[in-house]
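Scroll down for the structure; my scribbles are underneath it.
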Amino acid sequence: MAYKAVYENWQADPEGFWMEQAKAIDWDRMPSKALFDDNAPLYEWYADGLVNTCYNAVDRHVERGRGDQVAIIHDSPITHTKHEITYAELRDRVASLAGALRAKGIEKGDRVIIYMPMIPEAVEAMLACARLGAIHSVVFGGFAAHELAVRIEDCKPKAIIAASCGLEPGRVVHYKPLVDGAIEQASHKPEFCVIFQREQEVASLTPGRDHDWHGFQYGTTPADCVPVEGNHPAYILYTSGTTGAPKGVVRHTGGHLVALNWSMKNIYNVDPGDVFWAASDVGWVVGHSYICYGPLIHGNTTIVFEGKPVGTPDAGTFWRVISEHNVRSFFTAPTAFRAIKREDPKAELIKNYDMSCLRALYLAGERADPDTIEWAQDVMGVPVYDHWWQTETGWPIVGNPAGIEALPVKIGSPTVAMPGYDVQILDDSGHEMPAGELGAIAIKLPLPPGTLPTLWNAEARFHKSYLNTFPGYYETGDAGMKDKDGYLWIMARTDDVINVAGHRLSTGAMEEVLAAHPDVAECAVIGVSDELKGQLPVGFVCLTKGVNRPHDEIARECVKLVRDQIGPVAAFKLAVVVDRLPKTRSGKILRAIMVKIADGTEYKMPATIDDPAILDEIREALQGIGYAKG
Ligand code: COA
Ligand code: AMP
């Protein structure tokens, strides 16, 4: 069937469509219906079914004869190791870990924070939680102790599972002191921690609280899968919003299984047994959906890659991994390709590898610029599919449904809405805009299975962030347009979220950190365009009256403060002291104009500006740090 027919099928009978897709999942009790709308505008899917995620991702494949198939390939150019785990081995390892967690009191509904680098144990820890019905919350390794503490405070984990260290090129990331620091900062204390000791660094354990990963499994009974309700939370994943407090995106179990399984064939075009690789990190939604759950639920082989597109050891690493492991579909962020292109513009290194196994490249996480897409297409000789989605949705909203029908690519557009998503472009008053006109991108409710039903402990914030602006719709936070063929074009965020190297960051969170500096009276953080990372944060600070310490010393302290509080992932390296910030007469900081000055794009002087001369001061400040194009 062609894409249009599938989409129309869904439109004609959404519930029938999703009940049909649910048949691909092994339920302990089949749900009586797909959509539960009694609490609209909050919706749930498959709420009265009973099911276990780990069973569907692991055990069922073993029971059906895939036990010897490789489930996980760990490829770490950083440690120079490669290692494969079959589905049968994965089942035993996960059942053992789950048994040990249960012996320590972890049960259905308990929260467990996972803070681990790109090693198979990270995926095993996620699956062990799923096996017990425990709710995991994975925290990206590039976040600092404070960010970890904020998450501990919010989701109140009974346990934390961490590794002794992570490995960045040329630098060991000492996880254990970060975990200790976070627990100290948080008022909630987990009952225990499990630490996976890596060869590269053995962490000291706190007696009575910390347990060694292997030691604590000794002598415990492996755990069976615990069936949970379709609307039982599978996980919480925190993502950046407009303020310093991250949003805890909740994922319900049933819809997550059905939607991810559907996407593997219909979007990523892989069949069970094929190797699928998403070069991301388990700390992000891409890692949850397409390193851990999606490929495993669908019976694929997934790759856990601990390395970078360049420098580990060179810009040919991606080609090596693809050809060596026979990757069929490959997913990464455009930044990774920009990095490779910068190092090896003629792609000389690809000539060393047989890439005939690869069928397509999928890009997401940030805007894919046409140059990068064209370069990737030329050097790899496969279609490049941009696709657009968010932590909140958990799977693609708009993409090229290559497994149904590969639609013509329009470079710069992530293509068309997937079944389940009625994507519309709205004006400020919520009316649909004609084709070709720019507006807010919204999705008509209900969102499909697999998307967020609410925010953890924050239902009011869920309404405020996503549902209140356009009643009856989910507000995506992105602006864009649809063309006459129904292709979507994503233009910009409508809030203060920026995207740095495919990592979603909050300028508001950075401003909160800067404002806490004792010498800072006022500040603004903006995202400026960057050729490699898409955007980079730049901070402007105004000093408290009477402070006359050297400005560059204060700027350095500001940079350190953000790194210490939010983490290296913020990539916050540019801070500058200014006398004043441009504001409207009512006191609103004109951040959008500051971005335009930095990027050299045209802007209209707002009639409400308090003092236009300040814009020249901002331009000079940006020029001082090499960041004003205009
Ligand atoms: N744990 C600890 N620190 C981490 C980390 C992790 N998992 N991931 C990144 N960091 C650190 C980096 O070491 C770097 O630290 P530094 O300031 O000491 O150099 C900092 O966070 C910023 O990282 P990043 O923005 O990723 O830049 P980079 O210079 O290390 O690498 C690229 C540049 C282009 C190679 C890299 O950004 C990349 O691979 N991007 C792909 C994007 C991607 O996969 N995104 C996932 C979303 S789909
Ligand atoms: P995250 O929740 O980290 O996946 O970030 C989601 C946000 O990243 C989206 O709301 C967009 O702003 C941006 N984004 C993701 N994919 C794309 C894409 N293909 N094109 C443009 N922006 C994207």
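The values are calculated or read from the model by the stated rules, or taken from the named source; none is laboratory data. Quantities reported herein were computed from a predicted structural model and do not represent experimental measurements. Positions of Cβ are generated from backbone atoms using ideal geometry, with glycine treated the same way; all protein chains shown enter the neighbour counts. Heavy atoms of the whole protein, side chains included, go into the accessibility calculation; ligands, DNA and RNA do not. Shrake-Rupley method; radii C 1.70, N 1.55, O 1.52, S 1.80 Å.
Okay, residues lined up against (1) among the β-branched types (Val, Ile, Thr); (2) within 16 Å of ligand 2 (Cβ to nearest atom); (3) in contact with a helix residue (DSSP H, G or I) (Cβ under 6 Å, 6 or more places away or on another chain):
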{"position": "His232", "(1), (2), (3)": "no, no, yes"}
{"position": "Ile236", "(1), (2), (3)": "yes, yes, yes"}
{"position": "His252", "(1), (2), (3)": "no, no, no"}
{"position": "Met264", "(1), (2), (3)": "no, no, yes"}
{"position": "Val286", "(1), (2), (3)": "yes, yes, no"}
Can you pull out every residue in the range 584-612 that is open to solvent by 50 Å² or more (accessible area, probe 1.4 Å) and over 20 Å from Gly539 (Cβ atoms)? Arg585, Ser586, Thr601, Glu602, Tyr603, Lys604, Met605, Ala607, Thr608, Asp610, Pro612
Quick check on the range 518-536: of everything there that is crowded, with 20+ Cβ neighbours inside 10 Å and more than 15 Å from ligand 1 (Cβ to nearest atom), which residue is nearest to Gly600 (Cα to Cα)? Ile526
Among Tyr466, Tyr474, which is closer than 29 Å to Gly403 by Cα and of a type outside the set (D, E, K, R)? Tyr474
Taking first residues from the range 144-160 that are of a type in the set (S, T, N, Q) and second residues anywhere that are open to solvent by 40 Å² or more (accessible area, probe 1.4 Å) and at pLDDT below 95, the pairs with Cβ under 9 Å that are 6 or more apart or on different chains are none
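Of all the strands (runs of 3 or more DSSP E) wholly in the range 1-105, which have at least 2 residues that are crowded, with 21+ Cβ neighbours inside 10 Å and among the hydrophobic types (A, V, I, L, M, F, W, C)?
Hits in the range 1-105: 70-76.
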Consider the range 539-578. How many of its residues are on the phi < 0 side of the Ramachandran plot, open to solvent by 50 Å² or more (accessible area, probe 1.4 Å) and outside any helix (DSSP H, G or I)? 6
Please tell me if Val112 is in contact with a strand residue (DSSP E or B) (Cβ under 6 Å, 6 or more places away or on another chain) and either within 16 Å of ligand 2 (Cβ to nearest atom) or open to solvent by 10 Å² or more (accessible area, probe 1.4 Å) (or both). no
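Regarding Tyr473, is this residue open to solvent by 30 Å² or more (accessible area, probe 1.4 Å) and within 25 Å of the chain's Cα centre (by Cα)?
Against the criterion (open to solvent by 30 Å² or more (accessible area, probe 1.4 Å) and within 25 Å of the chain's Cα centre (by Cα)), Tyr473 qualifies.
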Just to verify a result, which residue in the range 180-214, among those that are among the small types (Gly, Ala, Ser) and touching a residue at least 12 places away in the same chain (Cβ under 8 Å), is surrounded by the most Cβ atoms within 10 Å (Cβ to Cβ)? Ala182
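Conditions (1) at pLDDT 95 or above; (2) within 15 Å of ligand 1 (Cβ to nearest atom); (3) among the hydrophobic types (A, V, I, L, M, F, W, C), marked per residue:
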residue	(1), (2), (3)
Lys341	yes, yes, no
Glu348	yes, no, no
Met355	yes, no, yes
Gly365	yes, yes, no
Ile373	yes, no, yes
Val379	yes, no, yes
Thr391	yes, yes, no
Return the residues of the range 394-409 that are buried (at least 24 other Cβ atoms within 10 Å of the Cβ) and within 15 Å of Ile373 (Cβ to Cβ); say none if nothing qualifies. Gly399, Asn400
Which residues, taken from the range 269-294, are within 23 Å of Tyr7 (Cα to Cα) and either in a strand (DSSP E or B) or more than 14 Å from ligand 1 (Cβ to nearest atom) (or both)? Asn269, Val270, Asp271
The correct count of residues that are open to solvent by 30 Å² or more (accessible area, probe 1.4 Å) and either within 15 Å of ligand 2 (Cβ to nearest atom) or in a loop (DSSP other than H, G, I, E, B) (or both) in the range 366-388 is 6
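Kindly check whether there is at least one residue in the range 233-242 that is more than 19 Å from Ile161 (Cα to Cα), assigned to a strand (DSSP E or B) and not basic (Lys, Arg).
Yes: one or more hits.
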Within 15 Å of ligand 2 (Cβ to nearest atom), in contact with a Leu (Cβ under 8 Å, 6 or more places away or on another chain) and in contact (Cβ under 8 Å) with a residue 12 or more places away in the chain - does that describe any residue in the range 294-303? yes
Do we have Trp319 as assigned to a strand (DSSP E or B) and more than 28 Å from Tyr46 (Cα to Cα) here? no
Look through the range 410-436, keep the residues that are in a loop (DSSP other than H, G, I, E, B) and of a type in the set (Asp, Glu), and return whichever of them is nearest to the chain's Cα centre (by Cα). Asp422
Just checking, which of Gly316, Gly311 is surrounded by fewer than 24 Cβ atoms within 10 Å (Cβ to Cβ), near ligand 1 (Cβ under 10 Å from one of its atoms) and at pLDDT 95 or above? Gly311
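Of all the residues that make up the range 490-508, how many are away from ligand 1 (no atom under 16 Å from the Cβ) and buried (at least 21 other Cβ atoms within 10 Å of the Cβ)? Step through it out loud before you land on a result.
Residues of the range 490-508 away from ligand 1 (no atom under 16 Å from the Cβ): 491-492, 494-496, 508.
Within this subset, residues satisfying the condition of being buried (at least 21 other Cβ atoms within 10 Å of the Cβ) are 496.
Final tally of qualifying residues: 1.
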